[in-house]
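Read the structure below first, then the notes.
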Amino acid sequence: MELTKDQYTEKIKKWLEKLLIKDYSKNYNIEVIIPNGNLSKISNHSLKNVQNYSLLDFSPDILGILTSKKDKEVKLILINRAISPISVKEIGEMNIYSHIINPEAAFVISLKGLPNEVNSLLLNDNICSSLLKYHNKEIIILKIDENGQVDTKCIFPRKFKNFF
């Protein structure tokens, strides 16, 4: 039986929580939420401390909120997920979100990974750079299975393959 979008979203939320606890819990308080509307409308104290909070009129599928234990600085992790193969539209949407708020990390995650057409497109360095780069960081594309496991053969850009 294939997962529904809601079931897959819960799997990815749990995956992100584990990742953030492992990598950030020493210095940050961690929250992972599934926004039910635009970020600018969410009543979350930490999120309201993000610069230009009122302009965040978009909604990623999953949002990680890292609040510094030291100085209360807030960093965000954005995830868009799909149960179908990832399209250029989904990558472009995350690119725009990332340029607006410069998240600590941004992911596009799919149960099916990248189709050959999109994979071939991303092999062109100029296209890859324009689609994935933002503020000296890169959007990470992952295939995560029904059990919440990253398929290490389906990580893009490949330089992140040892990170997960």
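Below are the figures for this structure:
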read-out: Rounded to 5, percent antiparallel among DSSP beta bridges of the chain; value: 65 percent
read-out: Accessible area expressed per residue, segment 1-90, with surrounding protein chains retained (probe 1.4 Å, Å²); value: 57 Å²
read-out: Value of Rg/Rh across segment 23-151 [Cα atoms, Kirkwood radius]; value: 0.98
read-out: Of K48/K69; K75/K133; K11/K89; K14/K69; K13/K69, pairs whose Cα-Cα distance is over 20 Å; value: K11/K89; K14/K69; K13/K69
read-out: Rounded accessible area of K5 (nearest 10 Å², 1.4 Å probe); value: 110 Å²
read-out: On Cα atoms only, tilt of 5-24 relative to the major axis of the chain in degrees; value: 60 degrees
read-out: Residue order for F58, F164 - accessible surface, 1.4 angstrom probe, largest first; value: F164, F58
read-out: Part-to-part distance (alpha-carbon centres) for segment 113-135 and segment 1-21, which is given in Å; value: 24 Å
read-out: Solvent accessible area, Å² - R81, 1.4 Å probe, full protein context; value: 40 Å²
read-out: Separation of the Q149 and D23 label points, Cα + 7 Å toward Cβ, nm; value: 2.1 nm
read-out: Sulfur and carbon atoms: percent of accessible area, the chain [1.4 Å]; value: 47 percent
read-out: Accessible-area value, K69, 1.4 Å probe, nucleic acids and ligands omitted, Å²; value: 100 Å²
read-out: Cβ crowding within 10 Å averaged over residues, with 100-109, 133-142 ranked highest first; value: 100-109, 133-142
read-out: Cα long-axis angle, helix 88-101 against the chain (0 to 90 degrees, to the nearest 10); value: 30 degrees
read-out: MRE, 222 nm, helices only [DSSP H, n ≥ 4, -39500 (n - 2.57), over the chain, to nearest 500]; value: -9500 deg cm²/dmol
read-out: Accessible-area order (highest first, 1.4 angstrom probe) of the listed residues E73, E90; value: E73, E90
read-out: Inter-probe distance in nm under a simple model that places probes 7 Å from Cα toward Cβ, at Q7 and S46; value: 2.9 nm
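The values are calculated or read from the model by the stated rules, or taken from the named source; none is laboratory data. All values reported here derive from a predicted model rather than from experimental measurement. Backbone-built Cβ (ideal geometry, glycine too); neighbour counts: all protein chains shown. Ligands, DNA and RNA are excluded from the accessible area calculation, which covers all protein heavy atoms including side chains. Shrake-Rupley method; radii C 1.70, N 1.55, O 1.52, S 1.80 Å.
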